[in-house]
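Take a look at the structure below.
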Amino acid sequence: MKTIVENIFAESIAVKQATLKANADKIAQAAQAMIDALKAGHKIFFCGNGGSAADSQHIAAEFVGRFQKERAAWPAIALTTDTSALTALGNDYSFDIVFSRQLQALGQKGDILVAITTSGNSKNIIEAVKYAKTAGIKTIGVTGGTGGALAGLCDIALIAASPKTARIQEAHLVMFHTMCELVENTLTK
């Protein structure tokens, strides 16, 4: 078992190093886009399914609460948390529109959508990004593997360097925490 544990850690480290090499500039661009949006009084939206839904809630909470510094709250919303909206929209329309419809209600030009899907092909994430593009909402896609359909649709695409969901999610967390730290350090002096 110890060898398996060591192999998992080694693989995770290698994925993070490859992800850093491929995405360092884009992570900085994504953080700058968030800084610019927040300075201008705009909101940041997050969406994802499963583990990516949990990441959406986690990172939105870091913006609303705090990451490492005491500061004012910033407007961030996880579109994954309103179970009444999610289930009504999924039942009355289609699960494909559960995020895009909420974005239609809450989003405004100048806001940011952080769309998370490990495969890059989740239909409800793609629909949210398509709507965001029509509404003047900047899009940051966070995905893995080859990037899927999402990578080509977003203003900024961050792609974890692995085809494995667990390793993708681990790399996503490092990217998100890096963006949080960059935003917080820039806006909190």
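The table that follows gives values for the structure above.
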quantity: Cross-link table Lys26/Lys138; Lys39/Lys69; Lys26/Lys69; Lys109/Lys138; Lys43/Lys123, entries beyond 19 Å C-alpha to C-alpha; calculated: Lys26/Lys69; Lys43/Lys123
quantity: Among [x] 59, 36, 35; [y] 50, 44, 28; [z] 57, 48, 29, the entry that matches Cα extents along the principal axes in Å as calculated here; calculated: [y]
quantity: Sequence-distant residues sharing a close amide H with Lys164 (under 5 Å, placed H); calculated: none
quantity: GNM top mover of Leu158, Leu20, Leu150 - the chain, alpha-carbon springs below 10 Å; calculated: Leu20
quantity: Span from the segment 62-135 Cα centroid across to the segment 8-50 one, whole angstrom; calculated: 16
quantity: Equivalent ellipsoid dimensions for segment 87-189 as semi-axes, Å, which come from the Cα gyration tensor, largest first; calculated: 23, 19, 12
quantity: Vicinal HN-Hα couplings computed from phi for segment 86-100 (Karplus, 6.51 cos²θ - 1.76 cosθ + 1.60; Hz; Gly/Pro x); calculated: 4, 6, 5, 5, x, 6, 7, 10, 6, 4, 4, 10, 4, 8, 5
quantity: Neighbourhood net charge (12 Å Cβ-Cβ; Lys/Arg +1, Asp/Glu -1) for Ser94; calculated: -1
quantity: Among Ala30, Ala151, Ala18, residue whose mean-square fluctuation peaks in a GNM of the chain (springs only between Cα atoms under 10 Å); calculated: Ala18
quantity: For Gly110, distant residues with modelled amide H under 5 Å away; calculated: Ile137, Lys138
quantity: Cα shape, segment 2-54, gyration tensor, a/c 1.5 rule; calculated: oblate
quantity: Local electrostatic count at Lys109 - Lys and Arg +1, Asp and Glu -1, tallied over other residues with Cβ under 15 Å; calculated: 0
quantity: Calculated from backbone phi, Karplus (6.51, -1.76, 1.60) coupling profile of segment 69-75 in Hz, x at Gly/Pro; calculated: 10, 6, 6, 5, 6, 10, x
quantity: The chain: relative contact order as a whole-number percent, Cα under 8 Å and 6+ apart; calculated: 25
quantity: Net charge of Cβ neighbours under 15 Å - reference His42; Lys, Arg +1; Asp, Glu -1; calculated: +1
quantity: Residues with amide H under 5 Å from that of Leu158, placed H, sequence gap 5 or more; calculated: Gly141, Val142, Thr143
quantity: Surface accessible to a 1.4 Å probe, per residue, for the residues of the chain, Å²; calculated: 48
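The values are calculated or read from the model by the stated rules, or taken from the named source; none is laboratory data. Keep in mind the model is a prediction, meaning the values are calculated, not measured. Every residue, glycine among them, receives a Cβ derived from its backbone with ideal geometry; neighbour counts consider all protein chains shown. Ligands, DNA and RNA are stripped out before the accessible areas are found, and what is left, the full protein with its side chains, is counted by its heavy atoms. Shrake-Rupley method; radii C 1.70, N 1.55, O 1.52, S 1.80 Å.
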